[in-house]
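Report on the structure given below.
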């Protein structure tokens, strides 16, 4: 079977913990190269995981003519820059979320990639998890009636001042790191954009990042709320509440790869538990991306979705500044 030759920019903890294993076992992806600013670090990673090529700079990997596509696993503030550089090198791009630091930057990066004729997709892996596809299907067939509310909680506890997630200049903080999921979910489930929102943000006294962020998003006939935090007991849950039932998505984002994912559905007929897999959602995402590259198809998550998600993130920031309701631009 034909495979895309993939290179990765950045040796991140995320790459090691969640990405490298599925990449080694995919039918349509060959993990060909890894790049780091440290040649020693890249070489050690390549040797440990059987990656054929290691580079001591991102530019060197992009100059490898055999590489078809790149996965950008860099801090948020570097995403747009390396999208443009990868596009200059003619590489298709799967970039970690969020796509950029703000919506205008995301639009510029997307337009640049399109101009260069390369595919660009944001890496929201949860959208490829069959559990989530079934949840959206249940909503669409009105299993719980008209959806009136979507509630998302996502938190972890990270007090490390040296961690990039606690550095505002790197795009750190709860909103950019995990709030992007809480914004993406109701948009995915409801199939539309919020018209306005109001947010409350508490910033870390030393780091300056948002450590606790909550918002209410107005979708017209429904609403979505979320709380995300970098300094709270680790917890993940999404509740989708309709006029005649509800769906609870357990462990909605960091699903385990060795146990089934789980939904609880409640309506007038009773309560049932649905299980899925286990699946590796990252592997499913990379395979879907590879399918688009190999067959010259549109990427399964269009870049317009990444831009629209970023517009909501920008609106949360604007609400923090104004202290009131803000309309989503665009």
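The values are calculated or read from the model by the stated rules, or taken from the named source; none is laboratory data. Values in this document were obtained by computation on a predicted structure and should not be read as measured data. Note that we place each Cβ from the backbone using ideal geometry, even for glycine, and neighbour counts take in every protein chain shown.
What are the residues in the range 181-193 that are in contact with a helix residue (DSSP H, G or I) (Cβ under 6 Å, 6 or more places away or on another chain) and either free of Cβ contacts under 8 Å to residues at least 12 places away in the same chain or crowded, with 24+ Cβ neighbours inside 10 Å (or both), if any? Passing the criteria: 183, 184. The test for being assigned to a strand (DSSP E or B), more than 24 Å from residue 18 (Cα to Cα), touching a residue at least 12 places away in the same chain (Cβ under 8 Å) and assigned by TED's automatic domain parsing to the domain that holds residue 240 does not hold for residue 136. Determine if the range 282-297 includes at least one residue that is touching a helix residue (DSSP H, G or I) at 6+ places or on another chain (Cβ under 9 Å), closer than 23 Å to residue 317 by Cα and surrounded by 18 or more Cβ atoms within 10 Å (Cβ to Cβ). Within the range 282-297 (the criterion being touching a helix residue (DSSP H, G or I) at 6+ places or on another chain (Cβ under 9 Å), closer than 23 Å to residue 317 by Cα and surrounded by 18 or more Cβ atoms within 10 Å (Cβ to Cβ)), the answer is no, since none of the residues qualifies.
Is it the case that the range 147-159 has a residue that's in a loop (DSSP other than H, G, I, E, B), within 30 Å of residue 85 (Cβ to Cβ) and in contact (Cβ under 8 Å) with a residue 12 or more places away in the chain?
Within the range 147-159, the first condition is being in a loop (DSSP other than H, G, I, E, B), and the residues that meet it are 158-159.
Subset that is within 30 Å of residue 85 (Cβ to Cβ): 158.
Then drop every residue that is not in contact (Cβ under 8 Å) with a residue 12 or more places away in the chain, which leaves 158.
The answer is yes, given that some residue of the range 147-159 is in a loop (DSSP other than H, G, I, E, B), within 30 Å of residue 85 (Cβ to Cβ) and in contact (Cβ under 8 Å) with a residue 12 or more places away in the chain.
For the range 69-86, check the following and say yes or no: at least one residue is at pLDDT below 95, assigned to a helix (DSSP H, G or I) and touching a strand residue (DSSP E or B) at 6+ places or on another chain (Cβ under 8 Å). Scanning the range 69-86, I find no residue that is at pLDDT below 95, assigned to a helix (DSSP H, G or I) and touching a strand residue (DSSP E or B) at 6+ places or on another chain (Cβ under 8 Å), so the answer is no.
Which ones in the range 235-253 are touching a residue at least 40 places away in the same chain (Cβ under 8 Å), assigned to a loop (DSSP other than H, G, I, E, B) and surrounded by fewer than 18 Cβ atoms within 10 Å (Cβ to Cβ)?
Just the residues of the range 235-253 that are touching a residue at least 40 places away in the same chain (Cβ under 8 Å), to begin with: 235-247, 249, 252-253.
Those left that are additionally assigned to a loop (DSSP other than H, G, I, E, B): 243-244, 252-253.
Result: 243, 244.
Within the range 27-56, the set of residues being part of a helix (DSSP H, G or I) and surrounded by fewer than 22 Cβ atoms within 10 Å (Cβ to Cβ) comprises 39, 40, 41, 43, 44, 45, 46, 47, 48, 49. Within the range 254-304, the set of residues being within 30 Å of residue 108 (Cα to Cα), in contact with a strand residue (DSSP E or B) (Cβ under 6 Å, 6 or more places away or on another chain) and part of a loop (DSSP other than H, G, I, E, B) comprises 299, 301. Filtering the range 110-133 to residues that are within 17 Å of residue 292 (Cβ to Cβ) and not in a helix (DSSP H, G or I) leaves 117, 118, 119, 120, 121, 122, 123, 124.
Residues are listed down the side, and each one gets a yes or a no for (1) without any contact (Cβ under 8 Å) to a residue 12 or more places away in the chain; (2) over 18 Å from the mean Cα position of the chain (by Cα); (3) over 29 Å from residue 284 (Cβ atoms):
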residue: 177; (1), (2), (3): no, no, no
residue: 196; (1), (2), (3): no, yes, yes
residue: 220; (1), (2), (3): no, yes, yes
residue: 228; (1), (2), (3): no, no, no
residue: 255; (1), (2), (3): no, no, no
residue: 266; (1), (2), (3): no, yes, no
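Going through (1) farther than 20 Å from residue 125 by Cβ; (2) surrounded by fewer than 20 Cβ atoms within 10 Å (Cβ to Cβ); (3) touching a helix residue (DSSP H, G or I) at 6+ places or on another chain (Cβ under 9 Å) one by one, residue 224 falls short only on (2).
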